[in-house]
1. Of the listed peptides 200-213, 97-110, what is their order by residue-averaged count of other C-beta atoms within 10 Å, with the highest listed first?
2. Ranked from highest to lowest mean number of other Cβ atoms within 10 Å per residue, what is the order of the peptides 183-191, 148-156?
3. Show me 42-54, 264-276 ranked by packing, highest mean number of other Cβ atoms within 10 Å first.
4. Average the reciprocal distances over every distinct pair of alpha-carbons in segment 56-136, invert the result, and give the Kirkwood radius in Å.
């Protein structure tokens, strides 16, 4: 995600923009990036102080993806370093902090409101970590350090290896995939390029308050049926669809390691999301269709030497 944000910011015509790449592995930076590189690990306190010198805006795109119930890695690899980064940013008088979160942190019925309070899930520590970061940002925001929170929809696109859609593609032969009906049947897919655009605009948009939160999706939000009809010719669905919810419920109760399946369903179920606040306040204008985003992601996955994915995915012809 950080690579995409850098590439997007490099296209912006902004006279005072000076880019700094804070990363662990400089070899993964875009070849065209000519700005300053500050390599290091967010978990090292001395690195935070070195990294924040003369920094006005932070785009925090580091994350850790997990649907499993274990809390240890989500906290040590994501939550604790993120909270330390925010605290150091405040101490160093950083003017704006842009954070990547998820719509899934809040109750399904409230997801259309990006300022709605989050709701912890006992079975999903990673989601609770995202919620804890949002709460910390809200409490510590002020006129000296603006906090901008981006609640992304379901990520798709090239180079994406973690998250809902890669998990589905990787496990289509082993897990049931339910079809969700009614008012919460939508999948607010957003391509990583559009999310990078949202980051860039949130970093530079004038007139922000001390704490702002925006929902970020693609230009269209398909329902689950359309998404899986798009995928189905290229990957087999393991169970009759009417049995999928029952199977997910039972497996979640019988085996804690299967709780990620329940969490997957939680992220899949969404109302239609209004992104007009992001359009008006940030100038956000998503461009990549969900079909194009899925196609690129599946072809990218197929090109990697991953036997499970190569079995499940075949090239798409649109």
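Each value in this text was obtained by applying a stated rule to the coordinates, not by laboratory testing. Here the structure is a predicted model, which is why all the values come from computation and not from measurement. No Cβ is skipped: glycine too gets one built from the backbone with ideal geometry, and neighbour counts run over all protein chains shown.
1. Top to bottom by mean Cβ count within 10 Å: 97-110, 200-213.
2. 148-156, 183-191
3. Most protected by this proxy first, the peptides run 264-276, 42-54.
4. 13.3 Å
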